[in-house]
Amino acid sequence: MPLTKKLIAEFIGTFWLVLGGCGSAVLAAAFTAKAATISNNVFFPLGIGLVGVSLAFGLTVLTAAYAVGHISGGHFNPAVSFGLWACKRFPGSELLPYILAQVLGGILGAGVLYVIASGRPGFVIDPAAAGVFATNGFGDHSPGAFSLVACFVAEFVLTFMFLLIILGVTDGRAPKGFAGLAIGFALTLIHLISIPVTNTSVNPARSLAPALFVGGTPLAQVWLFWLAPILGAIAAGYLYLNVFELSRFDRVDTEREVDAIR
């Protein structure tokens, strides 16, 4: 597959992840509507809440994986690219182009979301507010005011597990056709765990994109949401390569077993 087509697929997939996932948080998480009453001043909740936002992020990855994953590998996340590279499943020569495509796709997704969100009366972006415009943060900018250390550990460990799941379900020995489901549900679970902690990143491109439109402290804190996920992903890739990946001798034994069955 030509690299250009792979990069376009990564651009579209990351665009969809940011628009769908962050869009659910910005537009639908706490949405309320006026009730049809005489006074018309009674509001009732229609928002999807934390569970809905978690599911939205999982669904974006799931749908994008089945749509264009067969073209680019379905990374949509610089940390995933680093993890696959560490496991020697992805060439280092394509690492930078993939990350650039992912970042640009994420920025476009956040841009489209900004245009939509700003069309509502009273829309404002307050850089001092925790989680504003679906940004990630620590300390006062963590939804639950979690410390820098707590947020680093959460992002490192959850990205580590995310990559282990990705590497496992895309292993040649795993059942075929279910990788997208497992990865989508894994990302949903990760959001259910960590939205109160960091507003959930595990994806540097997803973190950078909305922060660029907010500026201030959310943008200044983006470094954590690049460092922790990438380190967690590399650790997972290294572990899988050295512990779970088939060695040359394992491959020979497997081939012999297959031949014996035949």
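The values are calculated or read from the model by the stated rules, or taken from the named source; none is laboratory data. What you see is a predicted model; the values in this text were computed from it and never measured. Heads up, the Cβs are rebuilt from the backbone with ideal geometry, glycines too, and the neighbour counts pull from every protein chain shown.
Assorted remarks:
- First in the range 154-178 and at pLDDT below 95, second anywhere and small (Gly, Ala, Ser) and assigned to a helix (DSSP H, G or I), Cβ under 8 Å, 6 or more apart: Ala174/Gly168
- Just one residue in the set Phe57, Phe15, Phe11 is in contact with a His (Cβ under 6 Å, 6 or more places away or on another chain), buried (at least 19 other Cβ atoms within 10 Å of the Cβ) and at negative phi; that residue is Phe57.
- Residue in the range 162-179 that is under 30 Å from Phe31 (Cβ atoms) and in contact with a Gly (Cβ under 9 Å, 6 or more places away or on another chain) present: yes
- For the range 91-112, the condition of being outside any helix (DSSP H, G or I) and closer than 22 Å to Phe225 by Cβ holds for none of the residues.
- Residues that are modelled with pLDDT of 95 or more, in contact with a helix residue (DSSP H, G or I) (Cβ under 8 Å, 6 or more places away or on another chain) and either buried (at least 21 other Cβ atoms within 10 Å of the Cβ) or not in a helix (DSSP H, G or I) (or both) are absent from the range 245-255.
- Some residue of the range 84-97 being in contact with a helix residue (DSSP H, G or I) (Cβ under 8 Å, 6 or more places away or on another chain), at pLDDT 95 or above and within 14 Å of Arg206 (Cα to Cα): no
- Test: residue in the range 127-138 that is surrounded by fewer than 16 Cβ atoms within 10 Å (Cβ to Cβ), in contact (Cβ under 8 Å) with a residue 40 or more places away in the chain and of a type in the set (Gly, Ala, Ser): yes
- Residue check for Asn199: modelled with pLDDT of 95 or more, within 18 Å of Glu10 (Cα to Cα) and crowded, with 21+ Cβ neighbours inside 10 Å: no
- Test: residue in the range 115-124 that is over 21 Å from the mean Cα position of the chain (by Cα) and within 26 Å of Asp171 (Cα to Cα): no
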